[in-house]
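**Student:** The structure follows.
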Amino acid sequence: MTPVFQRPVEKAIPGEDRQPEPGIRMPRISVEGVSKIYRSKKWEFTALDRIDLTVEEGEFVSLLGPSGSGKSTLLRLIAGLEPPTEGRIRVDGRTVKGPGADRGMVFQRYTLFPWLTVEQNIAFGLRLRGESRAKRREVVEHYLRKIGLEAFRSAYPKALSGGMQQRVAIARALANRPSVLLMDEPFGALDPITKGQMQEMLVQLWEQEGTTVIFVTHDVEEAIFLSQRIVIMAANPGRIIAEVRVPFGRSRGYDLRDTEAFLHLKRQIVRRLEPVMAEK
Amino acid sequence: MFSNLSPARYAGLAVGSFVFLAALWVVTSRNGWIDPAFLPSPSRIADELRTELGDPQWWSHVGISVWRVTVGFLLAAALAVPLGILAGAYGWMDALVAPLCEFIRYIPVPALLPLIMVWAGIGEWAKILVIAVGSFFQMVLMVADDTRSVSREWLQAAFTLGAKTRQAFFLVLIPAILPRLTNTVRLVLGWAWTYLVVAELVAANSGLGFAIMKAQRFLRTDTVFTGILAIGLLGLITDRLLVLLHRKAFPYLEGR
């Protein structure tokens, strides 16, 4: 299935493992020596300490770490919701100066606009840009189908379950065709079954749409199941302590979790995380 | 808070409270426990109300009172709502407006009455001004509070969807405030009726407050009662209408 509309550079070939060619292709996101320090007269807190990170186009990267490791802060800096204290962040070569439609975000808490229906919520970004009614309709249809909520198009968010609301939130962000989708523990508040379903849906969406995703989580299994690369972070100060490549291909089913390779990787990561968890 | 009630039971109990009070009244006056000059019997008041309902003079009192409340309140709302929203949305506006309003709102309206009469005379505008001044300062602060309590994350979500400040203001902030705002308006409108009576008791020759005052001078307790009843009913009707409007205007709050 081809996406409804696509930027010319985003020719996603399913199954292709896109390796970046250094020096030729510009990374989608580059975080360059970024620190975030919160100061008051009495205290100082280093949420992020000189972070360097690049994310390639189409990549799915998870930021994994204990609370206080600055993973959400880093995401908010990329979104432009807060400025870095030092360093800079570039998205598609442009320095981030504030929030913008090229960086869609899905929050942990349900942030759908309660006064708008599911359809209207999904179309919100397009409406801001002044897209035509026909265009909006087309895009909304596309994503309603993707998230399987065609029957709820005219429902208000209050009538939806938490999982459904987050599906709409993802559709709302994707409908803008952002350069990158930033996800801040979006499934953190869901029950395990729903969470598993949402993860599978997200993997499928990512596969079909070819969007670059940065996903914040503290759930090791979630990070492995979803991502191609896991960036492990630690607290005090917030920093990157390791990066792990996830060897599994793009099409992943729920059963992947039971394979020896998955469990082995999980043990590896947990072992890496344990000492920094104890620091807290 | 501690026990939930079905809507039917709630309505039943609510009606019951009215019936209980009325029954107590009937029994009291039947047995002659209280001098009818102080507490007329319900039937006496019903008679009085019947004659008044047919009296154009009485209706003109009702009319002028409703007019004063409406104009005074709308005047206050027209200024207080935008000002309150701006104060809730922008720090500098908050600093300019909120402390000043906090100060003024602690001054009881009756204390301002002499000043208002000196400034605005004793004509229509004086009464309207009393209502407007009384409602305004409270309303600014309450609307500012409504605005402040809007979830930051809705705005952040809007910004990450590409909203400009203007768009975030009109497409997210305003709709997000509306349900609370209507509730605030409803509360303040109740107070506006209080200020009306304050204004009419002191300086007026028309309106329900004046009618009550005049009846008191002639010890027409029954007329005092009908006046009070009329104000209570008018308040109740507007209140219920606004509740109904709230329900109709914001169906999404119930998830329908």
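**Student:** Among the residues of segment A:163-197, what is the count of those that are closer than 21 Å to residue A:65 by Cβ, among the aliphatic types (A, V, I, L, M) and more than 12 Å from chain B (Cβ to nearest Cβ)?
**Tutor:** Result for segment A:163-197: 2.
**Student:** I'd like to verify a number: residues in segment A:227-261 that are within 25 Å of residue A:54 (Cα to Cα) and either surrounded by 15 or more Cβ atoms within 10 Å (Cβ to Cβ) or basic (Lys, Arg) (or both), how many?
**Tutor:** The first filter runs over segment A:227-261 and keeps only residues within 25 Å of residue A:54 (Cα to Cα), leaving A:227-252.
Subsequent filtering for residues that are either surrounded by 15 or more Cβ atoms within 10 Å (Cβ to Cβ) or basic (Lys, Arg) (or both) retains A:227-240, A:242, A:244-246, A:248, A:250, A:252.
Residues meeting the conditions: 21.
**Student:** Could you tell me which numbered condition residue B:65 fails, if it satisfies all but one of (1) surrounded by 12 or more Cβ atoms within 10 Å (Cβ to Cβ); (2) over 30 Å from residue B:125 (Cα atoms)?
**Tutor:** Failing condition for residue B:65: (2).
**Student:** If you go through segment B:113-122 one residue at a time, do you hit one that is closer than 30 Å to residue A:91 by Cβ, open to solvent by 20 Å² or more (accessible area, probe 1.4 Å) and assigned by TED's automatic domain parsing to the domain that holds residue B:230? So that I can check it myself, show each step before the final result.
**Tutor:** Filtering segment B:113-122 down to residues closer than 30 Å to residue A:91 by Cβ leaves none.
Checked against the condition, which is being closer than 30 Å to residue A:91 by Cβ, open to solvent by 20 Å² or more (accessible area, probe 1.4 Å) and assigned by TED's automatic domain parsing to the domain that holds residue B:230, segment B:113-122 yields no hits at all.
**Student:** From the residues in segment B:39-58 that are among the charged types (D, E, K, R) and touching a helix residue (DSSP H, G or I) at 6+ places or on another chain (Cβ under 9 Å), which one is nearest to residue B:26 (Cα to Cα)? Show your work before the answer.
**Tutor:** As a first pass, look at segment B:39-58 and keep what is among the charged types (D, E, K, R): B:44, B:47-48, B:50, B:52, B:55.
From what's left, touching a helix residue (DSSP H, G or I) at 6+ places or on another chain (Cβ under 9 Å): B:44, B:47-48, B:52.
Numbers: B:44: 11, B:47: 15, B:48: 16, B:52: 21 Å.
By that ranking, first place goes to B:44.
**Student:** Return the residue satisfying two criteria in turn: it lies in segment A:106-138 and is within 7 Å of chain B (Cβ to nearest Cβ) and open to solvent by 10 Å² or more (accessible area, probe 1.4 Å), and of such residues it is modelled with the lowest pLDDT. Even if it seems obvious, please write down each step before you answer.
**Tutor:** Within segment A:106-138, the subset within 7 Å of chain B (Cβ to nearest Cβ) is A:107, A:109, A:111, A:113-115, A:124-125, A:128-129.
Keeping just the survivors that are open to solvent by 10 Å² or more (accessible area, probe 1.4 Å) gives A:109, A:114-115, A:128-129.
Numbers: A:109: 89, A:114: 95, A:115: 95, A:128: 95, A:129: 94.
If we take residues in segment A:106-138 being within 7 Å of chain B (Cβ to nearest Cβ) and open to solvent by 10 Å² or more (accessible area, probe 1.4 Å), then A:109 is modelled with the lowest pLDDT.
**Student:** Mind listing just one residue for me: the one in segment A:151-162 that is away from chain B (no Cβ under 11 Å) and part of a helix (DSSP H, G or I) and, of those, nearest to residue A:118 (Cα to Cα)?
**Tutor:** Among those that are away from chain B (no Cβ under 11 Å) and part of a helix (DSSP H, G or I), it is A:152.
**Student:** Find the residue count for segment A:178-206, including only residues that are surrounded by 18 or more Cβ atoms within 10 Å (Cβ to Cβ) and either part of a helix (DSSP H, G or I) or in contact with a Cys (Cβ under 7 Å, 6 or more places away or on another chain) (or both).
**Tutor:** The number of residues fulfilling the criteria is 7.
**Student:** A follow-up question, please. Take the conditions of a type outside the set (Phe, Trp, Tyr) and facing chain A (nearest Cβ under 8 Å) and apply them to residue B:176. Does it pass? Walk me through it before giving the result.
**Tutor:** Numbers: of a type outside the set (Phe, Trp, Tyr): yes; facing chain A (nearest Cβ under 8 Å): yes.
When the stated conditions are applied, residue B:176 passes them.
**Student:** Right, next: If we keep just the residues of segment B:141-173 that are more than 14 Å from chain A (Cβ to nearest Cβ) and farther than 26 Å from residue B:244 by Cβ, which is most open to solvent (accessible area, probe 1.4 Å)?
**Tutor:** Within segment B:141-173, the match that is most open to solvent (accessible area, probe 1.4 Å) is B:148.
**Student:** Here are A:3, A:27: which of them is touching a strand residue (DSSP E or B) at 6+ places or on another chain (Cβ under 6 Å), open to solvent by less than 70 Å² (accessible area, probe 1.4 Å) and modelled with pLDDT under 90?
**Tutor:** Values: A:3 fails: touching a strand residue (DSSP E or B) at 6+ places or on another chain (Cβ under 6 Å).
When all the criteria are applied, what remains is A:27.
**Student:** Still on this structure, I have one more. Quickly run through segment B:227-256 and pick out the residues that are exposed (fewer than 15 other Cβ atoms within 10 Å of the Cβ) and more than 29 Å from residue B:50 (Cβ to Cβ).
**Tutor:** B:243, B:245, B:247, B:248, B:249, B:251, B:253, B:254, B:255, B:256
**Student:** If only one of B:22, B:80, B:14 is aliphatic (A, V, I, L, M) and closer than 30 Å to residue B:152 by Cβ, which one is it? Even if it seems obvious, please write down each step before you answer.
**Tutor:** On the way: B:22 fails: closer than 30 Å to residue B:152 by Cβ; B:14 fails: closer than 30 Å to residue B:152 by Cβ.
After applying the criteria, what remains is B:80.
**Student:** A further question follows. Would you be able to say whether some residue in segment B:212-220 is out of contact with any Pro (no Cβ under 8 Å at 6 or more places or on another chain), within 25 Å of residue B:48 (Cβ to Cβ), in the same structural domain as residue B:76 (by TED's automatic domain parsing) and surrounded by 21 or more Cβ atoms within 10 Å (Cβ to Cβ)?
**Tutor:** Step one: filter segment B:212-220 for residues out of contact with any Pro (no Cβ under 8 Å at 6 or more places or on another chain), giving B:212-220.
Restricting the remaining residues to those that are within 25 Å of residue B:48 (Cβ to Cβ) gives B:212-220.
Those still in the list that are in the same structural domain as residue B:76 (by TED's automatic domain parsing) too: B:212-220.
Next, only the ones that are surrounded by 21 or more Cβ atoms within 10 Å (Cβ to Cβ) stay: B:212.
The answer is yes, given that some residue of segment B:212-220 is out of contact with any Pro (no Cβ under 8 Å at 6 or more places or on another chain), within 25 Å of residue B:48 (Cβ to Cβ), in the same structural domain as residue B:76 (by TED's automatic domain parsing) and surrounded by 21 or more Cβ atoms within 10 Å (Cβ to Cβ).
**Student:** Would you please list the contacts, defined by Cβ atoms under 6 Å and residues six or more apart or on different chains, that run from a residue in segment A:147-175 that is more than 20 Å from residue A:104 (Cβ to Cβ) to a residue that is among the small types (Gly, Ala, Ser)?
**Tutor:** A:156/B:255; A:158/B:255; A:159/B:255
**Student:** Against the condition within 15 Å of the chain's Cα centre (by Cα) and surrounded by 15 or more Cβ atoms within 10 Å (Cβ to Cβ), how does residue A:224 come out, does it pass? Explain how you work it out, then say what you get.
**Tutor:** Numbers: within 15 Å of the chain's Cα centre (by Cα): yes; surrounded by 15 or more Cβ atoms within 10 Å (Cβ to Cβ): yes.
Criteria met by residue A:224.
The values are calculated or read from the model by the stated rules, or taken from the named source; none is laboratory data. Just so it is clear, the model here is predicted, and its values are computed rather than measured. Methodologically, a virtual Cβ is constructed for each residue, glycine included, from the backbone with ideal geometry; neighbour enumeration extends over all protein chains shown. Side chains are part of the model used for accessible areas, which takes the heavy atoms of the whole protein and leaves out ligands, DNA and RNA. Shrake-Rupley method; radii C 1.70, N 1.55, O 1.52, S 1.80 Å.
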